[in-house]
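Contents: one structure, followed by commentary.
Any read-out appearing in this document is the output of simple, stated calculations on the displayed coordinates, not a laboratory observation. Note that the structure is predicted; figures quoted are calculated from it, not measured.
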Amino acid sequence: MNFVIDWLSFYLIEQPEEESGNKQVRMTRHLSGDEYEKSELREFLDGEFARIAKRKAEMNPKSEASPTKLGRFVIEEGHPLEANPNYALLNRLLQAVTVGESKQPSQELVQSYLRTSQVRGGVLIVVRTRLETLDEPFVFILKCDFEQKTAVITDEHSLISNVQMAINAKNMKSLMYPNMIETGMNDPYHVKIHQFSHARYFEEFLRFVEYPQTVTQLISEEVLTLARQHIELVYPEASEERQRAEEEIELIAASPKRELAEKWDHETVMEAAQILTDRQPEIELKCKLDHMQVKALLADYGNNFHIAKVNGRYVILLDGDFLQFERGVSPVEFLKPKDLDEIVRELESRQPGPGYAQSYAPTVSEKPPWNDADAGPGKPAQGIPTNRQTPPDDTPPWD
């Protein structure tokens, strides 16, 4: 994958010593393709364009920390793509064939970048390239921050010399437009952005580009939607129980860490998990049992991943064809495993866990949800179903 450079604009952004001082462009250079071939920048950027183009970016990344993302141009209903200011600017850069045509849109891009909060000093490079084999144009925007305390060896007298403004391509931030899905297939609705930094300012300077939700966010929303549908089925009428259940769901949604809610039976969980894994087979399932971390796939639940309760304590059962250890050696690696029945008997013989009394034994202040005084011959206590009574249908709504 070889890219031919049509023109390149180089901007040196200066960081004033005062924190409140505005960033400013100290030096600007515009190079034609021929001038680039003869410049020192060629060696510095050699291979970077192909590396950026080959980086894979998921439409929905696994987490916010993913370094490579796809940004989508915000399109207002009833308006064309050209109405998006960021798309319009990048498209002007894409259509600029010569250095002279590139100067004005490049300057507008740099000014937009300087207005972004938390911008650091360094070098900003705007490049128009063409994929040599297909003659397809692309725009690359590159940002290199200054290295701290950089020194080079000079001679036997001074030994080293401090370099005030040094950059390298190792942690370079980049933007590529249009996004190359594969060679010969481009997507004009998305830009590909790459940055390792926790500060997201390189994403933010294009204000009319949005970033799709992560897989975790999508799955969380789908689970909450299924939970709300389940509540509507179990409590079709407005009631205190329905309101309480809806409030619990909202609390779960807002909580970063959650305990097992113990609300759905195994079959309901399996059906919900099937809906999610049909769309996203690689959804992770992570949990923590006391101090022990467990990591699996949601598709493993009910097959190789099981949750049970013994004497009020949680038990996680994992099964597989082989058991592998990593790093170091422990005596556990020499174990001859017991039969599962023997382990279950040992767990059952233990004293009940601290949560047992709370989970299974009613307290003195608790009252049954029915009034036994209303019971009589031929009249069952309220709340206790008989053969003639039909319990509420708890079937999930996604059958």
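Tabulated data for the structure shown
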read-out: Cα gyration tensor shape of the stretch 230-275, rounded if a/c is under 1.5, else prolate or oblate by comparing a/b with b/c; value: oblate
read-out: 25 Å Cα-Cα reach of residue 257 towards lysines, excluding residues that sit fewer than 8 places from it in its own chain; value: 62, 286, 288, 295, 309
read-out: Global geometry of the stretch 161-281, whether rounded, prolate or oblate, following the gyration tensor of its Cα atoms and the 1.5 cut on a/c; value: prolate
read-out: Relative contact order computed over the stretch 269-339 (Cα-Cα under 8 Å; 6+ residues apart), in percent; value: 18
read-out: In sequence order, calculated HN-Hα J values of the stretch 342-351 (Karplus, 6.51, -1.76, 1.60; Hz; x Gly/Pro); value: 5, 5, 4, 4, 5, 5, 5, 7, 6, 5
read-out: Rounded if a/c under 1.5, otherwise prolate or oblate - the stretch 38-124, Cα gyration tensor axes; value: oblate
read-out: Built amide H within the under 5 Å cut-off of residue 309, gap 5+; value: 315
read-out: Sequence-distant lysines (8 or more away, or on other chains) whose Cα lies within less than 23 Å of residue 143; value: 23, 38, 54, 56, 69, 103, 170, 173, 192
